Amino acid sequence: MGAWSIATAPSAQALSSYGEINDWPTYYEVPPFPAVQWQYDTTFYSRLEAWIRFFYVNTPYNWVTPAQICGYGAYVNKPGYHGSGRAFDLSRIYLHVDGLWERVFNGRYDEWRSLTGSALTVTRKRYFACAASIHYHFRNVLTYLYNTDHWNHIHIDNGVSGAGNSYFVTSSGAQVEFVRAALNYVWGYPVAINQSWDSTVDYYVRLALVRSGGAGPLTTQSYWQRFCQSTTRFGTGKQAY
């Protein structure tokens, strides 16, 4: 992601505690998976709420609340954005689908990477669809592609994007890697998955954008947001392109 500044950790008392994100209860991703309150910087928490609302309206109509969010937490007493309450580690999302609980996002690549056939295809497509919804809102997003430390969660922080939505830069290896994976696993284009930006990736991005209603450079924020939104909708089955 390029150079990250080291955030100064506030005291825990300076943060706000929440047991939900936009009224979706949060649970700790460690057995027995208890309901939990985590501590957040309030601006970052507001960005998480905006992301959840976006995710909900851009996923299928039969994915409905009540919901559950599982993760490894936000504030941790250490340097960096977790130490500022400005980072969150997401592992799973559950919603009701046709009246039954269903895991609609599974961030546990360490568990599902050995799947085969349609189970792998659907799980991976939903993974990158959800990642796309997060990338829309946050500049720093780390998936299992980044390193093995992220095989069991997606890391989210607003260290660069702050109170606003994200934007794309070709120098961000994590963003480029996400784009390549989305093109491959959601859009079906044959691109290698690595951290290098080139004309081939740009070509397939523009094809995907044409399918979703308009094409332009991904470094223009509106086209980046279109790519992320349409990837979310396409990857979850909300809309075909």
Taking the range 107-149 and the residues there that are touching a residue at least 12 places away in the same chain (Cβ under 8 Å) and among the small types (Gly, Ala, Ser), the one that is farthest from Arg226 (Cα to Cα) would be Gly107
If you go through Ile69, Ile154, the only one that is farther than 23 Å from Glu177 by Cα, of a type in the set (Val, Ile, Thr) and under 17 Å from the mean Cα position of the chain (by Cα) is Ile69
Pairs returned, first residue in the range 208-237 that is more than 20 Å from Tyr127 (Cβ to Cβ), second residue that is of a type in the set (Val, Ile, Thr) and not in a loop (DSSP other than H, G, I, E, B), beta-carbon separation under 6 angstrom, 6 or more apart or interchain, are Leu218/Val205
When the range 65-81 is checked residue by residue, the ones that are over 20 Å from His135 (Cβ atoms), in contact (Cβ under 8 Å) with a residue 12 or more places away in the chain and touching a helix residue (DSSP H, G or I) at 6+ places or on another chain (Cβ under 9 Å) are Thr65, Ala67, Gly73, Tyr75, Asn77
When restricted to Gly85, Gly117, Gly99, the only residue at positive phi, surrounded by 13 or more Cβ atoms within 10 Å (Cβ to Cβ) and not aromatic (Phe, Trp, Tyr) is Gly85
Note on Ile154: of the conditions (1) out of contact with any Gly (no Cβ under 8 Å at 6 or more places or on another chain); (2) surrounded by 17 or more Cβ atoms within 10 Å (Cβ to Cβ); (3) under 26 Å from Ala74 (Cβ atoms), unmet is (1)
Scanning the range 176-201 residue by residue, those in contact with a helix residue (DSSP H, G or I) (Cβ under 7 Å, 6 or more places away or on another chain) and polar (S, T, N, Q) turn out to be Asn194, Gln195, Ser196
Considering the range 183-241, residues that are of a type in the set (Lys, Arg) and either touching a Lys or Arg at 6+ places or on another chain (Cβ under 6 Å) or part of a helix (DSSP H, G or I) (or both), and then whichever is farthest from Tyr144 (Cα to Cα), we arrive at Arg211
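Name every residue in the range 1-58 that is at pLDDT below 95 and either in a helix (DSSP H, G or I) or surrounded by fewer than 18 Cβ atoms within 10 Å (Cβ to Cβ) (or both), in order of residue number.
Narrowing the range 1-58 to residues at pLDDT below 95: 1-14.
Answer for the range 1-58, where residues must be at pLDDT below 95 and either in a helix (DSSP H, G or I) or surrounded by fewer than 18 Cβ atoms within 10 Å (Cβ to Cβ) (or both): Met1, Gly2, Ala3, Trp4, Ser5, Ile6, Thr8, Pro10, Ser11, Ala12, Gln13, Ala14.
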Per the filter on the range 132-173, residues out of contact with any strand residue (DSSP E or B) (no Cβ under 6 Å at 6 or more places or on another chain), in a helix (DSSP H, G or I) and over 19 Å from Tyr45 (Cβ atoms) are Ala132, Thr148, Asp149, Gly173
Those residues of the range 69-97 which are out of contact with any Gly (no Cβ under 9 Å at 6 or more places or on another chain) and either part of a strand (DSSP E or B) or at pLDDT 95 or above (or both) amount to Ile69, Tyr72, Gly73, Gly83, Gly85, Tyr94, Leu95, His96, Val97
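The values are calculated or read from the model by the stated rules, or taken from the named source; none is laboratory data. All figures in this text were calculated on a predicted structure; none of them were measured in a lab. Counting neighbours? That spans all protein chains shown, and the Cβs are built from the backbone with ideal geometry, glycine included.
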